[in-house]
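Below is one structure, written out as structure tokens; the observations come after it.
The values are calculated or read from the model by the stated rules, or taken from the named source; none is laboratory data. Note that the structure is a prediction, hence the values are computed from the model and not measured. FYI the Cβ positions are ideal-geometry reconstructions off the backbone, even for glycines, and counts take in every protein chain you see. The area values use the complete protein model at the heavy-atom level, side chains included, leaving out ligands, DNA and RNA. Shrake-Rupley method; radii C 1.70, N 1.55, O 1.52, S 1.80 Å.
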Amino acid sequence: MEAGPVSAVVGRFAPSPSGRLHLGNLACSLLAWLSARSWGGRIVLRIEDLDAERCPRKYADQLEEDLGWLGLFWDEGGSKGGPHEPYYQSECSGIYTESCKKLEAMGLVYPCFCSRSQLHAASAPHTSDGNVIYPGTCRGLTAEEIAEKRKKKAPAYRLMVPDENITFTDGCMGEHTENLLRDCGDFYLRRADGVFAYQLAVVVDDARMGVTEVVRGADLLSSTARQLYLYRLLGLPAPEFAHCPLLLASDGRRLSKRDGDQSLENLRARYTAEDIVGRLAYAYGLQEEPAPRTPESLIKDFSWDKVPKKDICLPEGLFE
Ligand SMILES: [Zn+2]
């Protein structure tokens with residue numbers, strides 16, 4: 001990516017507020033912010049509350065308060081609003097429906113009636129991020145079979161994918177290739193309960209909000225090929241991607257929202273914002289010592305070259 005005029009780069013925060021932020025989410029937000037700001041770019045905040053029941057608005061509001069407390073300010077979105085409203089995915093069903101219709105008109109969408117237990121059979125092959133690779137069971141259903149099945153069950157909808165390799169260069173992880181059919185399989189656009197799939201929503205929203213740079217956790221690296229395919233089908237400009245290494249507990253466990261000890265609620269009781277930012281910057285190779293820092297002070301020397309390419313174990317005692 002070449003340095004363009006100021007404001008050419010648009011990065012984003014796209015948190016899913018099903019609980020309080022944890023250190024891993026914070027690290028990713030910090031890197032997204034630094035990467036965009038290092039290009040003089042802007043940041044959009046989008047609330048990924050597709051599953052609205054799991055993501056009550058109070059968590060989204062808390063999340064804004066936490067990001068602001070850390071000094072990670074955004075230019076547009078969330079409760080602040082802006083020209084690309086709405087910024088809450090739970091309010092975007094009409095927009096996603098339009099995109100689904102475009103894909104349907106291409107003959108690439110089909111209803112899937114498979115049950116969870118059918119999909120999760122022990123023999124089912126899995127994607128590298130742990131999802132089942134759909135074997136295409138419902139691909140060839142006739143109109144009569146579909147009509148019959150519909151009487152008993154509301155279907156999910158899947159996008160048919162071709163046997164094609166998609167290769168892209170990730171800003172952090174380097175070149176990455178996935179075969180759509182073998183590594184991903186036909187994927188959900190909409191669940192049987194009507195909730196739109198992450199893969200569709202994220203593409204449609206990043207495009208309509210003018211996002212040019214997607215920074216997110218490496219657990220989503222393998223989603224990127226599917227999303228690039230959607231950008232192409234929908235005729236939308238694809239952003240650059242940078243997938244940051246995941247932060248693991250010092251014993252190697254994945255951090256999650258269940259890790260109360262690493263949630264911002266507890267961290268805020270023990271550390272200042274500069275303490276947390278400085279320690280995360282240290283864990284991610286952006287400074288030599290875990291000294292307190294403001295996000296602004298890290299912009300000048302930020303470079304993806306400094307960020308490790310593998311999961312990062314929290315150094316023992318960095319956050320006690
Ligand atoms: Zn099926």
Return one whole number: the accessible area per residue of region 106-199 in Å², for a 1.4 Å probe. 55
Connecting C-alpha atoms closer than 10 Å in a GNM of the chain, tell me which of 52, 269, 197 has the biggest fluctuation. 269
Of 223, 38, 117, which has the largest mean-square fluctuation in a 10 Å C-alpha GNM of the chain? 117
Pick from 235, 24, 82 the residue whose mean-square fluctuation is largest in a GNM of the chain, springs joining Cα atoms under 10 Å. 235
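May I ask you to give the average projected area over all directions of the convex hull of the Cα atoms of region 107-154, in nm² rounded to one decimal?
4.1
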Region 1-79: trypsin sites (Lys or Arg not before Pro) in DSSP loop, at most 13 other beta carbons within 10 Å: 54
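Leaving out ligands, DNA and RNA, and with a 1.4 Å probe, what % of the accessible surface on region 267-320 is carbon or sulfur? It would help to have the intermediate numbers written out before the result.
Values: 1480 of 2960 Å².
Whole-percent figure for carbon plus sulfur exposure: 50.
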How many lysine pairs does the chain hold where the Cα atoms are under 26 Å apart and the two sit 8 or more places apart or on different chains? 14
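Taking region 1-74, which GluC sites (Glu not before Pro) meet the DSSP loop condition and have no more than 11 other C-beta atoms within 10 Å?
On the way: sites: 2, 48, 53, 64, 65; in loops: 2, 48, 53.
Loop-located and lightly packed - 2, 53.
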Kindly express, to the nearest 10 degrees and within the range 0 to 90, the angle between helix 273-283's C-alpha long axis and the longest C-alpha principal axis of the chain. 70
Could you state the number of Å between the C-alpha centres of region 261-288 and region 216-256? 23
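Could you look at region 60-128 and say what percent of its accessible area is carbon and sulfur, using a 1.4 Å probe and all protein chains? Don't skip to the end; give the middle numbers.
Numbers: 1800 of 3470 Å².
Here carbon and sulfur together make up 52 percent of the probe-accessible area.
Just the number, please: percent antiparallel of the DSSP beta bridges in the chain, rounded to the nearest 5.
Looking only at bridges with both residues in the chain, the antiparallel portion is about 55 percent.
From the helices alone, meaning DSSP H stretches of at least four residues, give me the mean residue ellipticity at 222 nm for the chain, per-run term -39500 (n - 2.57), in deg cm²/dmol to the nearest 500.
Numbers: 10 runs with 100 residues, N = 320.
For the chain, the value works out to -9000 deg cm²/dmol.
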How big is D, in µm² s⁻¹, for the chain by Stokes-Einstein at 37 °C and 0.692 mPa s if Rh is the Kirkwood radius over C-alpha pairs? 158
In percent, how large is the relative contact order of the chain, given Cα pairs closer than 8 Å and 6 or more residues apart? 20
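Using heavy-atom solvent-accessible surface (probe 1.4 Å) with all chains present, what is the largest-first order of 288, 91?
Details: 288 160, 91 105 Å².
Result of the area sort, largest leading: 288, 91.
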Cα centroid distance between region 54-113 and region 179-203, in Å? 16
Run the 1.4 Å probe and let me know the accessible area of residue 209, rounded to the nearest 10 Å². 0
